[in-house]
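Here, each number is a calculation from the coordinates, and none is a lab measurement. Computed from a predicted model, the values in this text were never measured in an experiment. When we count neighbours, we look across all protein chains shown, and the Cβ atoms used for this are built from the backbone with ideal geometry, even at glycine.
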Amino acid sequence: MKSLKGKNALITGSSRGIGQQIALGLAKLGCNVIVHGRTPESCNKTIELLKEYPVKVYVVYGELSEELQVNQLISQAMNLKLNIDILYNNAGIMTPYHQDYWNHTWDEWMLTCKVNIFAMYSLCGAFIPAMIKNGFGRVINVTSGIKDQPELAPYGASKWAVNKLTDDIAAKLENTGVRINTLDPGWLRTDLGGPNADHAVEAVLPGALAPALIADDGPNGHFFSAIDHQLKLDE
Ligand SMILES: NC(=O)c1ccc[n+]([C@@H]2O[C@H](COP(=O)([O-])OP(=O)(O)OC[C@H]3O[C@@H](n4cnc5c(N)ncnc54)[C@H](OP(=O)(O)O)[C@@H]3O)[C@@H](O)[C@H]2O)c1
């Protein structure tokens, strides 16, 4: 396992939910954390929780459905003058469930694609070239195990696109120190997952850390499951 002590991790959507858990998990491993939410204020709770760990904590913010704000978020992160060693593309949205699955509007499709795919693409493009130059990088794109649910068609299709984008970028990173993989967190009780989900949000750890801890010649373009991996780690 790779030591992450002193590395810098940008985790999108770490103001709450799964991203917040990942931020705490990485900080516990000694990793400095760049917290992200839509506003600086939305990150306050995570910053408070991170005080427990002797790591550096930074904040960036921005609405991921707006190209301008995504670019501003990237500038904020670059202005920190740090190597972004780990990019955890976690932020995501799910537009409403439609029992009549022909009712998804183009606005819902577009919003979902902007946040879940386009922003991820821009963030990868902003940070992966420097990771290649530095000889080290871990990129984790959060996907979902959702299937056979056209009632959530924009969300399901966007996560398929996340998998595809990850695979295609992985092919370009084979002989570099950068690894890009997907993580399915499992169905967790968060604002997005809802109160009836199978697991508490804390169950995403430690499995969600596995794709950050892989060796330089470790899996690339691989699908990780936080819940299943956790079982293996606990053995
Ligand atoms: N929960 C599940 O069961 C489950 C299952 C499979 C996959 N996932 C995936 O896991 C990831 C995290 O989900 P979650 O359940 O933790 O969600 P969540 O509790 O709703 O948290 C979403 C996070 O993303 C940020 N965010 C939301 N919309 C945004 C936007 N338009 N622009 C910028 N940031 C935005 C939020 O920031 P603010 O606090 O500022 O709003 C928050 O930090 C998502 O990619 C989701 O698809 C979740």
Where the only charges are on Cβ atoms (+1 Lys, Arg; -1 Asp, Glu), what is the dipole of the chain about its Cα centre, to the nearest 20 debye?
-> 900
Each residue of the range 188-193 in order: what ³J(HN,Hα) in whole Hz does its phi give by Karplus 6.51 cos²θ - 1.76 cosθ + 1.60, θ = phi - 60°, with x for Gly and Pro?
-> 10, 7, 10, 4, 6, x
For the range 1-134, just say rounded, prolate or oblate: build the C-alpha gyration tensor, square-root its eigenvalues into a ≥ b ≥ c, call rounded for a/c under 1.5, and beyond that prolate if a/b exceeds b/c, oblate if not.
-> prolate
Could you compute the FRET efficiency for TRP109 and LYS81, with r as their C-beta to C-beta distance and R0 at 41 Å, rounded to 0.05?
-> 0.60
Only loop residues by DSSP count here, and only those with at most 13 other Cβ atoms within 10 Å; note down the GluC sites (Glu not before Pro) in the range 1-109 that meet that.
-> GLU52
Given trypsin sites (Lys or Arg not before Pro), DSSP loops and at most 13 other Cβ atoms within 10 Å, the longest exposed-site-free stretch of the chain is 148-235
Residues TRP109, TRP102 in order from fewest to most other beta-carbon atoms within 10 Å are TRP102, TRP109
Quick one: Kirkwood hydrodynamic radius for the range 8-234, alpha-carbon pairs, angstrom, one decimal?
-> 17.5
In a GNM of the chain with a 10 Å cut-off on Cα contacts, which of THR112, THR46, THR176 has the highest mean-square fluctuation?
-> THR176
The long-range amide H neighbours of ARG38, using H built 1.01 Å from N in the peptide plane and a cut-off of under 5 Å, are GLY62
Ascending count of other beta-carbon atoms within 10 Å, so fewest first, for PHE223, PHE127 = PHE223, PHE127
Using only helices, what value at 222 nm comes out for the chain when you add -39,500 (n - 2.57) per DSSP H run of length 4 or more and divide by the total residues, to the nearest 500 deg cm²/dmol?
-> -11500 deg cm²/dmol
